[in-house]
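Here the structure comes first, spelled out in structure tokens, and everything after it is commentary.
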Amino acid sequence: MIVDTSVVVALAAGEASTGWIRKTLDEHASAALRMSWVNIAECGMVLERAVSGSSEALESALAAIGIEALEADYSILRLAIDARARYPLNFGDCFAYAHARARNEPLLTLDRDFLATDLVDVLHPRARSRGARATR
């Protein structure tokens, strides 16, 4: 399962969506959790912007929940570039999309923009409230 920046930031900030995130992770307990290095950097930037020094524990926090960092090769770059041209995704989102697409894995996110993509399995609270995963 690919984890989007929005999920990690929400967990770190203790946002209202934390309960939904934990429930979804529990429902997919056997899934390997993966995240692009680009999204990890984005998390650090968002956390630092909110509270100086808050990104210092990011590496250990991601390790504690078992997130594997993913490299971006040219095939990932190509998918990310294509995603930016086709969808309303920001730079970091394009890499989460690319990894989910390349690996054919679910994407765990709080960002509704992913619902407008061709990803087959987007785990998003809005999709869950309709009774199912977002599927294309």
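Listing for the model above:
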quantity: Condition met for L119 (open to solvent by less than 40 Å² (accessible area, probe 1.4 Å), in a loop (DSSP other than H, G, I, E, B) and farther than 19 Å from A12 by Cβ); calculated: yes
quantity: Selected residue (criterion: farthest from N39 (Cα to Cα)) from residues of the range 51-80 that are under 17 Å from the mean Cα position of the chain (by Cα) and among the β-branched types (V, I, T); calculated: I65
quantity: Evaluation of S54 against (1) at pLDDT below 95; (2) open to solvent by less than 50 Å² (accessible area, probe 1.4 Å); (3) under 21 Å from D93 (Cα atoms) (one fails), failing number; calculated: (3)
quantity: Per-region count, the range 62-80, residues part of a helix (DSSP H, G or I) and either farther than 13 Å from I2 by Cβ or in contact with a Lys or Arg (Cβ under 8 Å, 6 or more places away or on another chain) (or both); calculated: 8
quantity: Some residue of the range 32-50 being out of contact with any Lys or Arg (no Cβ under 9 Å at 6 or more places or on another chain), open to solvent by 80 Å² or more (accessible area, probe 1.4 Å) and among the β-branched types (V, I, T); calculated: no
quantity: Lone qualifier among F95, F91 - being open to solvent by 20 Å² or more (accessible area, probe 1.4 Å) and among the aromatic types (F, W, Y); calculated: F91
quantity: Subset tally (residues that are assigned to a helix (DSSP H, G or I) and farther than 13 Å from I2 by Cβ) for the range 84-107; calculated: 4
quantity: Set A102, A83: member being of a type outside the set (K, R), surrounded by fewer than 19 Cβ atoms within 10 Å (Cβ to Cβ) and without any contact (Cβ under 8 Å) to a residue 40 or more places away in the chain; calculated: A102
quantity: Conditions (1) in contact with a Phe, Trp or Tyr (Cβ under 9 Å, 6 or more places away or on another chain); (2) over 13 Å from I2 (Cα atoms): number failed by V46; calculated: (1)
quantity: Selection status of A64, at pLDDT below 95 and touching a strand residue (DSSP E or B) at 6+ places or on another chain (Cβ under 6 Å); calculated: no
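The values are calculated or read from the model by the stated rules, or taken from the named source; none is laboratory data. Note that the structure is a prediction, hence the values are computed from the model and not measured. Don't worry about glycine lacking a Cβ; one is built from the backbone with ideal geometry, like all the others, and counts go over all protein chains shown. What goes into the accessible areas is simple: the full protein's heavy atoms, side chains included, and nothing from ligands, DNA or RNA. Shrake-Rupley method; radii C 1.70, N 1.55, O 1.52, S 1.80 Å.
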